[in-house]
Amino acid sequence: MKYLVMVQCSQADYEAMQGKGNEHSPAWAQEDVQAMYAFMGALNDDLAESGELVDARGLTEPSRTRTVGLGDDGRSVITDGPYGETKELLAGYWVLDCASLDRVTEIAERVLQCPQPAGAPSYPVVIRPVDDGSADV
């Protein structure tokens, strides 16, 4: 079965990873960023080798987001950047083809082991099965 595995982040976290600490997260040193990328690269390599990796991507910072919605008049409303009340947004994802929910949960637990500086916020890893259209409605 295919699963979407998602990690979250905030604009403040992206800024911290660029060395600009804030009340939300301490500044990351270049070594911290390199350790994170090395960890994620090794994880992706292992998943590719096992045949479970379908796709994986990191996303750009939330400030580069564009949201398209409908206004009260039914016309499009386009907003650049995340809404002010939005705290966490999708930071990256994997599409995995795993034998079971238990297996994809093991992978999510591994994602949680990604190195980061002390005091950086920790977010849960979200797992959602991909609907293959075969479910009864």
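Computed from the coordinates by the stated procedures, all read-outs in this text should not be read as laboratory data. Only a predicted model underlies this, so the values are computations on that prediction, with no experimental measurement involved. Cβ coordinates were reconstructed from backbone atoms using ideal geometry, including for glycine residues, and neighbour counts include every protein chain displayed.
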Practice task
Determine the sum of side-chain charges near Ala16: Lys and Arg each +1, Asp and Glu each -1, restricted to other residues whose C-beta is under 13 angstrom from that of Ala16.
Solution key: -4
Practice task
Can you check what the net charge comes to around Trp28, using other residues whose Cβ is under 10 Å from the Cβ of Trp28 (Lys, Arg +1; Asp, Glu -1)?
Solution key: -3
Handout entry: Viscosity 0.692 mPa s, 37 °C: Kirkwood-radius Stokes-Einstein D of the chain over Cα pairs, µm²/s
Key = 196 µm²/s
Completion exercise
With only helices counted (DSSP H, runs n ≥ 4, each -39500 (n - 2.57)), the per-residue ellipticity at 222 nm for the chain, to the nearest 500, works out to -9000 deg cm²/dmol
Problem - Charge dipole magnitude, Cβ of K and R +1, D and E -1 - the chain, Cα centre, debye nearest 20 - result: 300 debye
Exercise for the section: Sort 26-38, 92-104, 66-78, 7-19 for me by packing, meaning the mean count of neighbouring Cβ atoms within 10 Å per residue, highest on top. Expected result: 7-19, 92-104, 26-38, 66-78
